[in-house]
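I have placed the structure first, in the form of structure tokens, so that the comments after it can refer back to it.
The values are calculated or read from the model by the stated rules, or taken from the named source; none is laboratory data. Owing to the predicted nature of the structure, the values given are computational and were not obtained by experimental measurement. Heads up, the Cβs are rebuilt from the backbone with ideal geometry, glycines too, and the neighbour counts pull from every protein chain shown.
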Amino acid sequence: MRVTQPLKRNLQQIPEDIATVCGDRSHTWSQLVHRISALAGGLVNLGLKPQERVAIVALNSDLYLETIFAAPWAGGVIVPINYRWSAPEIAFALNDSGTKIIFVDETFSNVVPDLKKLVEHELTVISLDDAFEGYDEIYEDLVSKSTELPEFENHENDISGIFYTGGTTGRSKGVMLTHGNHISNTLQFTAMMETSPDMVFLHAAPTFHIADALFIYLVTHIGGKHVFIPRFDPVLSAQAIQDQKITDVILVPTMIQMLLEMENFANYDFASLQRLYYGASPMPEAVAKDLIGKLPHSKAYHLYGQTESAPLLTCLDSKYHVTDGPFAGRLRSAGRAMPAVELKIVDSEGNECPRGEIGEIIARGPNIMKGYWGQEELTKNTVKNGWLHTGDAARMDEGGFIFISDRLKDSTSWHSGAISTFGLVPQVIAC
């Protein structure tokens, strides 16, 4: 299982279908795969070796997707960087992971001179746009001058990506996710959700976050279409949904509320929007009522997980998104375990709690991380006998639905108030 394998299948089966749309630019699967393989060749020419790291700090774009796939296509490991981090925070991740190549777009080019000083090894900077101070290569030049590279034969236990968490205490942790982790969570998703090659997905949430990255792999796996806007904005999102006939998007409840309450909402056509996924917190009843009233044809799904689980652990199905009737109480739930995920609530001694009693969520399955980069002891304390200890306090009812109540420790839960699905929600909205 390799995250790049679906690219080859799409090239074989649907080469002329549109794969990516970003502004006025679009690429077919044939064009996309050729660009990715050429970019991978450029990375190897720059000295990239198998399992070496490649970072990116940038807004959402089709080039971000190409980079996510080019790194493992060349045998490397992608390291998406939180673009809200300061230069010292980015430098920490680069030093910690030993990353020697980083892609940067013009928006964040101002950090490059500082990175060159703070990073403890030679750093090659690839500009996604035009030249800026401290750059070494231009993205499009690298693609055009490089020879296409055959796909590297990664194994399912090889690391595909290192996703750094923005923990509320202590140092940031690099979560090592394998090819098998990503593919497993993709298959778990498709086993539970309605998916088809007709999916047109809007990347409005930041792609550096595992929540949106999941859909990079998923939409590619099913041969759907990726549509990118630089970052969440209610008007840009509504315009994209209308113009590109978006069928699916993932947001947080605050973003959904902003979308529903924006001026001139009624002037946009949302008829194509079939599914709306969200995380970070349960959907407030007032927002749910507004959603049902304004987008009655759209199905909502609450997703819960952690970076450490690549990321999904549970899902609350759309039929439970109601404010009255026998299912009304489910709206506060984070749902039930995904296929192939074992999940239980345990006490401080590791004993399973009776239904309704609060304890810690632990889970195991093929999507659980390989570990924390360079932190073996922390890995042992977090994954015990194959079980991921999430640090989330919750109860489980008789139907297997979990209701999260608090945090037991610092980690990267989507659901906690401390760390939301896409980082701290107010910061996302401010961007």
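Points worth noting:
- Lone unmet requirement of (1) without any contact (Cβ under 8 Å) to a residue 60 or more places away in the chain; (2) among the aliphatic types (A, V, I, L, M); (3) farther than 26 Å from residue 372 by Cβ; (4) not in a strand (DSSP E or B) for residue 142: (1)
- Among the criteria (1) hydrophobic (A, V, I, L, M, F, W, C); (2) more than 24 Å from the chain's Cα centre (by Cα); (3) in a loop (DSSP other than H, G, I, E, B), the one residue 266 does not fulfil is (3).
- Residue 202 meets the conditions (1) closer than 30 Å to residue 270 by Cα; (2) part of a loop (DSSP other than H, G, I, E, B); (3) among the hydrophobic types (A, V, I, L, M, F, W, C) in every case but one. The failed one is (2).
- Taken together, the criteria exclude residue 213 from residues that are small (Gly, Ala, Ser), over 20 Å from the mean Cα position of the chain (by Cα) and at pLDDT 95 or above.
- Among residues of segment 285-304, those that are under 21 Å from residue 192 (Cβ atoms) and exposed (fewer than 14 other Cβ atoms within 10 Å of the Cβ), counted: 1
- Answer residue from segment 390-401, given it is in contact with a Lys or Arg (Cβ under 8 Å, 6 or more places away or on another chain) and either outside the structural domain of residue 351 (by TED's automatic domain parsing) or in a strand (DSSP E or B) (or both) and is surrounded by the fewest Cβ atoms within 10 Å (Cβ to Cβ) among those: 393
- Here 130, 141 are screened, and the one residue that is more than 22 Å from the chain's Cα centre (by Cα), modelled with pLDDT under 95 and either surrounded by 20 or more Cβ atoms within 10 Å (Cβ to Cβ) or within 22 Å of residue 65 (Cβ to Cβ) (or both) is 130.
- Condition broken by residue 226, with the remaining ones in (1) surrounded by fewer than 20 Cβ atoms within 10 Å (Cβ to Cβ); (2) within 19 Å of residue 195 (Cα to Cα) satisfied: (1)
- From the options 301, 268, 320, residue that is in the same structural domain as residue 217 (by TED's automatic domain parsing), of a type in the set (Phe, Trp, Tyr) and under 30 Å from residue 161 (Cβ atoms): 301
- Some residue of segment 309-328 being in contact with a Cys (Cβ under 7 Å, 6 or more places away or on another chain) and either closer than 24 Å to residue 371 by Cα or of a type outside the set (A, V, I, L, M, F, W, C) (or both): no
- Among the residues of this structure, residue 307 counts as one that is under 17 Å from residue 407 (Cα atoms) and not small (Gly, Ala, Ser).
- Qualifying residue in segment 36-46 (condition: free of Cβ contacts under 8 Å to residues at least 60 places away in the same chain, crowded, with 17+ Cβ neighbours inside 10 Å and under 19 Å from residue 227 (Cβ atoms)): yes
- Residue match in segment 269-284 (condition: farther than 24 Å from residue 404 by Cα and either within 16 Å of the chain's Cα centre (by Cα) or at pLDDT below 95 (or both)): no
Okay, residues lined up against (1) touching a Ser or Thr at 6+ places or on another chain (Cβ under 8 Å); (2) assigned to a helix (DSSP H, G or I); (3) under 25 Å from residue 101 (Cβ atoms):
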| residue | (1), (2), (3) |
| --- | --- |
| 7 | yes, yes, yes |
| 12 | no, yes, no |
| 26 | yes, no, no |
| 34 | no, yes, yes |
| 39 | yes, yes, yes |
| 42 | yes, yes, yes |
| 48 | no, no, yes |
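- Members of segment 171-199 that are under 14 Å from the mean Cα position of the chain (by Cα) and under 18 Å from residue 249 (Cβ atoms): 186, 189
- Elements of type strands (runs of 3 or more DSSP E) in segment 279-385, at least 3 residues being closer than 30 Å to residue 177 by Cβ and hydrophobic (A, V, I, L, M, F, W, C): 312-316, 342-346, 359-364
- Restricting segment 317-364 to residues that are on the phi > 0 side of the Ramachandran plot and at pLDDT 95 or above, the residue that is surrounded by the most Cβ atoms within 10 Å (Cβ to Cβ) is 335.
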